[in-house]
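Contents: one structure, followed by commentary.
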Amino acid sequence: MQIHPDISALPLFRNAVVTIGTFDGVHTGHKQIIKQLKEEAKHINGETVIVTFSPHPRKIVNPGATIELLNTPEEKAALLAAEGIDHLVIVPFTKTFAEQPASEYITVFLQGRLHPRTVIIGYDHRFGKNREGNYLMLEAFSARCGFEVKEIPEKVLLETAVSSTRIRKAIAGGDIATANALLGYDYFFEGTVVDGNKLGRTLGYPTANIQPSDPEKLIPGFGIYTVEVEVKGKRYGGMMSIGTRPTIDDSKTRTIEVNIFDFTDDIYGEPIKVYIKAYLRPELKFDGLDALKDQLALDKEDSLRILRK
């Protein structure tokens, strides 16, 4: 897949079949749209082109909004590449871009930059200043601009919208089983291993404290999870705690700690990728460190059982 971050230097795509959207999560709903895109491209011997935006349009349209992304831009690109997309066009989303007239969006941006043969879009797609552009307007311009417009079925659009909302709620609430099923892959995040208080070592469960790489990436809610981690090019099983460590110091600040099974390397400062396999239990306050240690033994036992599946 070729990535195009500069829309002023796009190549001339061959019979471009274009769709436009944020594609956050690249989940099972999105994959139905991608399937339609690929089938159309195959039919006309064309190339698939997905147009997305950076930063997320909500940051520009509603600057005070909290952004919780399922994918960083790099993660999204990797997932789309894995789906066999030919081209990813990343449009810098600015106030100027958001406020251009809908007719200009079609003639200058869509037709002038992308030269599509086919545009596949949802009936509810809105574009241009005050969201005045819609599917019917695209159809009206299509003949003079030399492209065909095809609709994403309403059922697929509704499933995609519902999936995105459900996935975010599920991850935030610790319902990893639902999130992973809707995503079609294990939810993951990346970060760097940072210094901690090293108390886990005294309990027999040393942990890697993780600082997420992207502050806009959605991190699961407080609780204990079964995970796999990728560090130094290898993958290991483990268990993760997200919370305030109420038994130890009740810090009021969120910490993310992973106990990596059968692993003793020094990885301070190393990048780490965490794949979340399952939710085990809520974060609890125990009577003391001995009770916490006993529970950690049970958590590890449960995690090993899940990882063996």
| task | Specify the residue that is surrounded by the fewest Cβ atoms within 10 Å (Cβ to Cβ); the eligible residues are those in region 152-178 that are without any contact (Cβ under 8 Å) to a residue 24 or more places away in the chain and within 14 Å of the chain's Cα centre (by Cα). | result | T165
| task | Return the total of residues in region 250-287 being touching a residue at least 24 places away in the same chain (Cβ under 8 Å) and within 20 Å of Q211 (Cβ to Cβ). | result | 20
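Results for (1) more than 30 Å from Y105 (Cβ to Cβ); (2) of a type in the set (K, R), shown as yes or no for each residue.
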residue	(1), (2)
F147	no, no
V162	no, no
R168	no, yes
D186	yes, no
T192	yes, no
L203	yes, no
P206	yes, no
Q211	yes, no
D214	no, no
| note | Checking V61, V49, V26 in turn, the sole residue that is within 21 Å of C145 (Cα to Cα) and either of a type outside the set (K, R) or surrounded by 15 or more Cβ atoms within 10 Å (Cβ to Cβ) (or both) turns out to be V49
| message | Can you pull out every residue in region 1-23 that is surrounded by fewer than 17 Cβ atoms within 10 Å (Cβ to Cβ), among the polar types (S, T, N, Q) and at pLDDT below 95? | response | S8
| request: For region 146-161, indicate whether the set of residues that are in a helix (DSSP H, G or I), within 30 Å of A278 (Cβ to Cβ), of a type in the set (G, A, S) and at pLDDT 95 or above is non-empty. | output: no
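Can you pull out every residue in region 116-141 that is assigned to a strand (DSSP E or B) and of a type outside the set (V, I, T)? Break it down stepwise before answering.
So the first thing to find is which residues in region 116-141 are assigned to a strand (DSSP E or B), and the list is 116-122, 127, 133.
Result: P116, R117, G122, F127, G133.
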| field | Unique match (being more than 18 Å from the chain's Cα centre (by Cα) and not polar (S, T, N, Q)) among I33, I7 | value | I7
| field | Enumeration of residues in region 244-282 that are over 22 Å from the mean Cα position of the chain (by Cα), buried (at least 17 other Cβ atoms within 10 Å of the Cβ) and outside any loop (DSSP other than H, G, I, E, B) | value | N259, I260, L280
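Can you name the residue in region 43-98 that is in a helix (DSSP H, G or I) and touching a Lys or Arg at 6+ places or on another chain (Cβ under 8 Å) and, of all such residues, is farthest from T165 (Cα to Cα)?
Going residue by residue through region 43-98, those that are in a helix (DSSP H, G or I) are 43, 57-61, 73-82, 95-98.
Of the ones still in play, those that are also touching a Lys or Arg at 6+ places or on another chain (Cβ under 8 Å) are 60, 98.
On the way: I60: 20, A98: 24 Å.
Restricting to residues being in a helix (DSSP H, G or I) and touching a Lys or Arg at 6+ places or on another chain (Cβ under 8 Å), the top hit is A98.
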| field | Some residue of region 289-306 being without any contact (Cβ under 8 Å) to a residue 12 or more places away in the chain, over 16 Å from G204 (Cα atoms) and surrounded by fewer than 13 Cβ atoms within 10 Å (Cβ to Cβ) | value | yes
| message | Go through region 217-234 and report how many residues are out of contact with any Asp or Glu (no Cβ under 7 Å at 6 or more places or on another chain) and assigned to a loop (DSSP other than H, G, I, E, B). | response | 4
| Given the structure, is R117 farther than 22 Å from R14 by Cβ and touching a strand residue (DSSP E or B) at 6+ places or on another chain (Cβ under 7 Å)? | no
| query | Can you name the number of the only condition in (1) over 23 Å from E47 (Cα atoms); (2) surrounded by fewer than 19 Cβ atoms within 10 Å (Cβ to Cβ); (3) modelled with pLDDT of 90 or more that R126 fails? | reply | (3)
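The values are calculated or read from the model by the stated rules, or taken from the named source; none is laboratory data. This structure is a prediction, so every number in the text was calculated from the model and none was measured. Because the Cβ atoms are built from the backbone with ideal geometry, glycine has one as well, and the counts that use them run over all protein chains shown.
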